[in-house]
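Trainee: Right, I'll just put the structure down here and ask away after.
Just so it is clear, none of the values below were taken in a lab; they were calculated from the coordinates. A quick note: this is a predicted structure, and the numbers were derived from the prediction, not measured. All Cβ positions, even for glycine, are placed from backbone atoms using ideal geometry, and neighbour counts span all protein chains on display.
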Amino acid sequence: MGLPDASGDLSLEMEVDAFRRLFPLRFYERHLAESIRPDGRPLGSARETSIAPGAVASADGSALAKIGSTTMLAAIKMEVMTPTIELPDEGCIAVDFHMPPICSPIVRPGRPSEAVPVVSTTLSDSISSSGMINLKELSLVSGKAAWMAYLDIYCLDADGAPFDAALLSAVAACSHLQIPAVSLNDDGKIVVVSEEDGGKLDKEHVNREKRKLTLRSIPFSLTCILHKNYILADPTAQEESIMETVVTVVLDSSSHLISLYKPGRAVLASTSAVQDCIALTRQRVRELLKILDEANSSMEVDKV
Amino acid sequence: MAGRPGTNQTSYSPSLKTQKGRPPIFKDGDTDWVRPDGRGFHQCRPAFIRTGAVNAASGSAYAEFGNTKVIVSVFGPRESKKAMMYSDIGRLNCNVSYTTFATPVRSQGSDHKEFSSMLHKALEGAVILETFPKTTVDVFALVLESGGSDLPVVISCASLALADAGILMYDLVASVSLSCLGKNLVIDPILEEESYQDGSLMVTFMPSRYEVTQLTVTGEWSTPKINEGMQLCLDACSKLAKIMRSCLKEATTTSQE
Amino acid sequence: MEIDRVDGRTANQLRPLACSRSVLNRAHGSASWSQGDTKVLAGVYGPKAGTKKNENPEKTCIEVIWKPCTGQIGGTIKPLVALFLTNKFDGIWDIIFTLKLKGNPEKEYEMIVKRTLQSICILTIHPNTTISVIVQVVSDDGSVSFMLLPCAINAACAALVDAGIPLKHLAVAICCCLAESGYVILDPTKLEEQKMKAFTYLVFPNSILSGLTEGSLKMEGEPMEHAIITSVTRGAMSVDDYLHCLERGRAASAKMSAFLRRSLQPQVSTDSSKAG
């Protein structure tokens, strides 16, 4: 905001790179007026997105999601717990989001980024309120044992819109999850049926075969930047640092609104801006569903 | 929001506890057994290494040795912590942490203090600290999956990340470990072998200077055995360093094109 | 269709509001805000010199500290330690895990309040300074402390006015709830909130009384006070339901901003008479 006139004149003489560094906001606004972003994207389109299921062999389900260079690794480990008295037929899912110091120059060991709690709660909320996972499917023995699914998401590279990539990797990990075959042993504990003695021992099988979860409505999200009257979908870290106001919309595959998160900051969202963000998210949900389906089907081909 | 975790619920992993005693394949004196992954005793796991894994960092590398998967990011040289005293030479700050799902049984994914200081000691001798006085270079490692020989992989990967960040070093540091199982020496052990080992040896080595930066020995070793083990490790380190060097060269040629 | 509310309110009716300023002596500005049985106290200190690390030094940095009414954040530590002593050592990680989780929601509220206040403050007037806002929950009618957010934002906003921090406009926060039947009620109590399938918190700017022409205060053909500063939702709902909540919240926010203005005005005049 400082010196609009001075920068306007200087831009004619200055080198592009110097102008970009000195007047980042002006630099962006020049591009926005032409309906393009410095990385060549139109305003409403997201970066290239890919999913790699099964990235970690030590987990029961895992996936690596990449949106531009923002990279997230999600993995699920299944443990057994005693269900609560109120809900004896339900398992539980615990979502945790981590930003280890490797992902960004801002995070230092022992000092987590302030974005972590927000992403963490919004993630676990989106997963529970979309009803994607039927917690009854996680039950083993009614009132005695149920699965506790620990879903941990690690940010490996932070370059804007961390929530979108985190949710995508979490969803992909859930669709990759294989619930192990288990049986009840003599001590009343649940143990994994190992490949060799599968069938031989006549233990009580609780879950005879490895199985997948049936995912009902799957949540997907899109983060947008609001700047003046422009809406920029899927911002990079640099865009987020220059134009601060973000809106994150989470919609599930049956078009229910799971979350509309706009935490303050300078720009106000008019009703039409909110509707535009929702429309952009609808479009993005279709894209992401396709990407997820492709990733899962290529995974199955690999197995055969 | 039903069922939040934590509140006095304890859960356990259903995977079978590792059997007590030694499984038959690792019998003493019996030289006919095969390693669980079918390798020869003196054969390392296939290594996949790549630089530039994390865009947000000044330099980074990803390494995958069998099931051991590690990412290392290097930040800096940047301003030292305010509390630090003035220093003529640069500082190296190392941190190694594990993901919660890295180990077979879920852990809390906390920092690994011991590995952090080992990594620091292994790299300290190779980095030319005089080139960045008053500042700090941060080396952060995250073990995505632990499949045995974690520390040597972290060290090799970290030296590659330092090179990628353009930090001056005397040489690349390659690291290999070795387990003693009965009468046999197995190089680059996997998690299962490590849990049955009688002794271990880890060497971090700068091949072009023929200098060892760190040497760790545990267990009981006879002199001829340690000589043999040392020679095996040094050879493996030299080979690994060649792969690392070609990885760096590849990265620069592709970026120039 | 009508919905019966336990306390006999209509769907659009808010709980009785109360606001008082300058309730603390030492703070540079303070206010208490209550809605029914929920009460929040906010204190403002600053602007003091310097910003925190990783903040833009060209602007004022706002720091929000959330104090829950149970005292310490690790309020559950006692029973857990007892459990740890009587049980086995395996439990230690669960204790630490629980404590970590306890801290999470507060951090999130701090973030939301902070970002909302950043929106209403004129941050460029005092560069390289920090304003601390301490939000103390006094009594809590909502079952989850999440329900306190609107109350906390209103209290913080009044406290900023009391401290004389330059603001663009005021903010009013409101909670809308969506019942299973698709019916929307405002400002729910603890009992009501448990029956709801989804809720939304909305923060609107208040209407500005100024000499500026009508047109300059409009955004895309809408008056500025219709735009939202903050929106947080919990639970699934259809997009139309959300827009309906938005409309209802907006209507109620006009009443609230009138109340806020009323409760802040008389004190301003007494202040100036004192000065004179």
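Trainee: When you look at the Cβ of every residue in A:86-99, what mean number of other chain Cβ atoms sits within 10 Å? Please list the in-between numbers first.
Mentor: Values: counts 2, 2, 0, 0, 2, 1, 6, 2, 8, 2, 7, 1, 5, 0.
Per-residue shielding by partner chains comes out at 3.
Trainee: Here's something else I'd like to know. Based on other C-beta atoms within 10 Å, arrange C:Lys52, C:Lys39, C:Lys168 from fewest to most. Don't skip to the end; give the middle numbers.
Mentor: Numbers: C:Lys52 9, C:Lys39 20, C:Lys168 13.
In order of increasing Cβ crowding within 10 Å: C:Lys52, C:Lys168, C:Lys39.
Trainee: To the nearest 0.05, what FRET efficiency results for C:Arg261 and A:Ile36 with a Förster distance of 51 Å applied to their C-beta separation? Spell out each step's value before the answer.
Mentor: Numbers: r = 44 Å, r/R0 = 0.86.
My answer for the efficiency is 0.70.
Trainee: Among B:Thr135, A:Thr248, which comes first, second and so on when ranked by fewest other beta-carbon atoms within 10 Å? Provide the component values of the computation, followed by the final result.
Mentor: Numbers: B:Thr135 17, A:Thr248 24.
In order of increasing Cβ crowding within 10 Å: B:Thr135, A:Thr248.
Trainee: Can you list the HN-Hα couplings for region C:254-264, worked out from phi with the Karplus curve (6.51, -1.76, 1.60; θ = phi - 60°), rounded to whole Hz and with x for Gly and Pro?
Mentor: Using θ = phi - 60°, the values come out as 4, 5, 5, 5, 5, 5, 4, 4, 4, 6, 8 Hz.
Trainee: While we're here: Going 7 Å from the Cα of C:Lys195 along its beta-carbon direction, which residues of region C:166-184 have the amide nitrogen within less than 20 Å of the resulting point?
Mentor: Counting only backbone N, you get C:175-184.
Trainee: Compare B:Val74, B:Val212, B:Val173 in a GNM of chain B, Cα atoms joined below 10 Å, and give the one with the largest fluctuation.
Mentor: B:Val212
Trainee: Can you list the residues of region C:110-127 with backbone N under 12 Å from a point 7 Å past the Cα of C:Leu167, pointing along Cα to Cβ?
Mentor: Zone members listed by number: C:117-122.
Trainee: Could I ask something else about it? What FRET efficiency comes out for C:Tyr183 versus C:Arg26 if R0 is 60 angstrom and r is the Cβ-Cβ distance? Round to the nearest 0.05. Don't skip to the answer; put the middle values down first.
Mentor: Working: r = 46 Å, r/R0 = 0.76.
With R0 = 60 Å, the Cβ-Cβ based efficiency is 0.85.
Trainee: Packing-wise, with mean Cβ within 10 Å as the measure, how do C:9-16, B:53-60, A:162-169 rank, highest first?
Mentor: Numbers: C:9-16: 14.6, B:53-60: 23.2, A:162-169: 28.9.
Descending mean neighbour count gives A:162-169, B:53-60, C:9-16.
Trainee: Then there's this: Just how far, in whole angstrom, is region B:60-128 from region A:23-78 if you go by their alpha carbon centroids?
Mentor: Region A:23-78 and region B:60-128 have Cα centres separated by 26 Å.
Trainee: Can you sort C:Ser132, A:Ser35 from fewest to most other Cβ atoms within 10 Å of each residue's own Cβ?
Mentor: On the way: C:Ser132 17, A:Ser35 10.
Fewest-to-most Cβ neighbours within 10 Å comes out as A:Ser35, C:Ser132.
Trainee: Shifting gears a bit: Could you give me the ³J(HN,Hα) list for region A:21-32, computed from phi with Karplus coefficients 6.51, -1.76, 1.60 and θ = phi - 60°, whole Hz, x at Gly and Pro?
Mentor: Karplus-based 3J(HN,Hα) across region A:21-32 equals 6, 7, 10, x, 5, 4, 4, 5, 5, 4, 5, 4 Hz.
Trainee: Would you give the gap between the C-alpha center of region A:128-154 and the C-alpha center of region C:14-49, rounded to a whole Å?
Mentor: 42 Å
Trainee: Also, quick follow-up: Averaged across A:76-84, how many Cβ atoms of other chains sit within 10 Å of each residue's Cβ atom? Please report the intermediate quantities before stating the final value.
Mentor: Details: counts 1, 10, 5, 8, 5, 6, 3, 2, 4.
If you average over the peptide's residues, the count of other-chain Cβ atoms is 5.
Trainee: Between A:Leu25 and B:Glu114, take the C-beta separation as r, use R0 = 35 Å, and let me know the FRET efficiency to the nearest 0.05.
Mentor: Details: r = 47 Å, r/R0 = 1.34.
Efficiency, from the Cβ-Cβ distance: 0.15.
Trainee: Once you average over the residues of C:33-39, how many Cβ atoms of partner chains fall within 10 Å of each Cβ?
Mentor: On the way: counts 0, 0, 0, 0, 0, 0, 0.
Averaged over the peptide's residues, the number is 0.
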